[in-house]
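Please treat every number below as a calculation from the coordinates, not as lab data. Being a predicted model, the structure only gives us computed values, none of them experimental. Glycine also receives a Cβ, built like all others from the backbone with ideal geometry; neighbour counts cover every protein chain displayed.
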Amino acid sequence: MRILLITGNHLRHRYIVSQLCQQCEVTGWVAEVREPMLLTPPEGISAHLRTLFTHHFAQRDKAEQEFFAGNASLPAHVPVLSIPREELNGPQVHEFMRQHPADVVISYGCHKLSAETIALNPHARFINIHGGLSPWYRGTITHFWPVYFLEPQMVGFTLHDTEQALDGGAILLQNSYQPVRGDTTHYIACRTTVDFAKLLTQRLSQWQGKTLPAGIKQKGTGRLFLTSEWRPEHLRLVYDLYNDAVVDALLNGEIQGRTVPLIDVFAR
């Protein structure tokens, strides 16, 4: 089973790409150049919010360096095409896909693939890794929102068929965060990423030479989170009220939240 990867280029994306390259037959990697890890606070917010904003993204970078920096190298034989966002569905990517055909195309952390891009390989199965538990947390920033809503155990990943509805395709595989005392917001995300990468590579390795199983259609639409909905003010709850210790509050019984059944069609 030949796999082509189309992902973002942050360390968390490179980590999953690296793990797949080690365990599966990867024909190539298209890396969309994403925004910087350390973002500049928006104008017009208070000094305190600027401090929280800077701290939040600095901690994200620190956590990703700690979890992924030593495990994100790629084998020299895997072809790589780095591309800016506006050229993701452009001729360079299309030519790269023609030169490196695959049975499965996996996207993760990149912007949406166009119908034209997908149509280039009508015999391939296009599936997407979504950093969130669908259908409850679809869209963007979906490793932050469960922490904000005081249910960190709802941080997770969903592997699903690529469809027009964002993160709405039939589901093949999911995982969720297993609480560890002392974990902060970005440790939650990173630990869940490591666990999902291990699970995903195991499942795909087991299915080498086989046709991937059909996914399970999502029941309901859940909620779609938009980038525009996130504001620096949301950081107050996580850092000012809970001192970035939402996991400890969960383990202490101070908050509860939900648990949901997870899907793994490979294990059926």
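Cβ-to-Cβ counts within 10 Å put SER205, SER107, SER46 in ascending order as SER46, SER205, SER107, the fewest first. Above 19 angstrom, tally the Cα pairs of the range 117-188 and express them as a % of all pairs, no decimals. Tail fraction, whole percent: 39.
Taking other Cβ atoms within 10 Å as a rough exposure proxy, CYS190, CYS21 sort from fewest to most as CYS21, CYS190. Which whole-number percent of Cα pairs in the chain have a distance greater than 29 Å? The calculated P(r) of the chain puts 31 percent of pairs beyond 29 Å. Considering all different alpha carbon pairs of the range 93-149, the Kirkwood hydrodynamic radius works out to 13.1 Å. Per q in 0.09, 0.10, 0.14, 0.20 Å⁻¹, report the Debye log10 I(q)/I(0) for the range 1-151, using one uniform scatterer on each alpha carbon and no solvent. Each listed q maps to, in turn, -0.34, -0.42, -0.77, -1.31.
What FRET efficiency comes out for the pair LYS217/GLU86, r = Cβ-Cβ distance, R0 = 35 Å, nearest 0.05? The calculated FRET efficiency here is 0.60. In terms of its Cα atoms, the range 181-255 spans 51, 29, 23 Å along the principal axes, sorted from long to short. Two tests apply to each whole DSSP H helix in the chain, Cα reach of 20 Å or more along its axis and mean Kyte-Doolittle hydropathy of at least 0.5, and none passes both. Here the relative contact order of the range 2-267, from alpha carbon pairs under 8 Å that lie six or more residues apart, stands at 21 percent. What whole-number distance in Å separates the alpha-carbon centres of the range 223-264 and the range 34-56? Between the Cα centre of the range 223-264 and that of the range 34-56, the gap is 19 Å.
Counting neighbouring Cβ atoms within 10 Å and putting the fewest first, the residues THR51, THR184 line up as THR51, THR184.
Take the Cα radius of gyration of the range 9-88 and divide it by 2.2 N^0.38 Å, N being the number of residues; the result is 1.38. Couplings 3J(HN,Hα) for the range 3-8, derived from phi with the Karplus relation 6.51 cos²θ - 1.76 cosθ + 1.60 (θ = phi - 60°), are 10, 10, 10, 10, 9, x Hz, where x marks Gly and Pro. Mind running the shape call on the range 95-247? Use the C-alpha gyration tensor, a ≥ b ≥ c as the square roots of the eigenvalues: rounded below 1.5 for a/c, prolate if a/b tops b/c, oblate otherwise. In terms of gyration-tensor shape, prolate.
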